[in-house]
Amino acid sequence: TYSHVALAVLAFVLVEYIFLSTPFIRDLALSLTQGWSWLIMLGIFMFATTIAEKWAMSSTDRNMQYAALLLYVVAEAFIFVPLLYIAMRFTGDTSIIFNAGMLTLALFSGLTAVVFFTGKDFSFLRNFIMVGGMVAMGLIVLGILFGFSLGLFFSFAMVALAAASILYQTSNVLNVYNKDQYVAASLGLFASLMLMLWYVMQIMMSFSGD
């Protein structure tokens, strides 16, 4: 499972580099960051996520499971294009991206260690994650429609939600998934990792702006 998470991260970095280096793809992603266009982009991302999760969980075809993971990696890479582009323009280099990546990996490793060393079942977090995710999506949509910023507190809340998701997904690796579902398990962990990275970057950019 964790080797596949690592491979997904490496694939994300490679695809992201290709997207940022391709003017057409970069400009397309940047053009979809305002108002209704961003809502459409989020909708397409959520649709791709749903399809990827369905393929990964229900298919007995290993190739289909890998296709699901690849689809999700590409979707994440595309939606990250505007954020990473702004971060590089913001600082003139990749320092924020690197530091946010290292901090996210450290948090991910620490949360993983908590589950493995304690053996605690974190399945009770499922309802919190589902409700929190729906509330967060609602606030994001309202922010886009009415043009207000969700602010730094929201970013910290989303990092907490991502942390809960990592605990929940890691607990599932130990207690729910069988040995043949490592691709699906890696997709869930990768999704939680990317969610945390997104908002860790937002926080670091906010403090750098001060």
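The values are calculated or read from the model by the stated rules, or taken from the named source; none is laboratory data. If you're wondering where the values come from, they're calculated on a predicted model, not measured in any experiment. Note: ideal-geometry Cβ built from the backbone for every residue, glycine included; neighbour counts use all protein chains shown. In case anyone asks, the SASA skips ligands and DNA or RNA and just uses the protein heavy atoms, side chains included. Shrake-Rupley method; radii C 1.70, N 1.55, O 1.52, S 1.80 Å.
Spin-label pair Asn175-Leu28: with each label point 7 Å from Cα along the Cα-Cβ axis, the two points sit 4.3 nm from one another. Helix 182-209 and the longest principal axis of the Cα set of the chain meet at an angle near 30°.
Compared with the direct C-alpha span, the chain from Thr118 to Ser95 gains 4.8 nm at full extension, assuming 0.36 nm per residue. With a simple spin-label model that places each label point 7 Å from the Cα along the Cα-to-Cβ direction, the separation between Ile86 and Val131 comes to 3.0 nm. Solvent-accessible area per residue in segment 112-190 equals 53 Å², computed with a 1.4 angstrom probe and all protein chains kept. Leaving ligands, DNA and RNA out of it, report the carbon-plus-sulfur percent of the accessible area of the chain at a 1.4 Å probe. Of the solvent-accessible surface of the chain, carbon and sulfur hold 70 percent. Taking the longest Cα principal axis of the chain as reference, the axis of helix 2-21 is set at about 20 degrees. Look at the Cα gyration tensor of segment 13-71: its axes a ≥ b ≥ c give a/c of at least 1.5 with a/b at or below b/c, and that counts as oblate. Rounded to the nearest whole angstrom, the semi-axes of the ellipsoid equivalent to the chain, taken from the Cα gyration tensor as √(5λ), stand at 27, 20, 18, largest first.
Measure nothing fancy, just the Cα-based angle from helix 151-175's long axis to the longest principal axis of the chain, in degrees from 0 to 90, nearest 10. With rounding to tens, the tilt is 20 degrees.
P(r) tail for segment 21-137: Cα pairs beyond 23 Å make up 52% of the total. Only Cα pairs under 8 Å and 6+ residues apart enter the sum, and on that basis the relative contact order of segment 71-203 stands at 34 percent. For the pair segment 148-191 and segment 26-69, the centres of their Cα atoms are 17 angstrom apart. 3J(HN,Hα) along segment 104-113: 5, 5, 5, 5, 4, 5, x, 5, 4, 4 Hz, from the Karplus curve 6.51 cos²θ - 1.76 cosθ + 1.60 with θ = phi - 60°, whole Hz, x for Gly and Pro.
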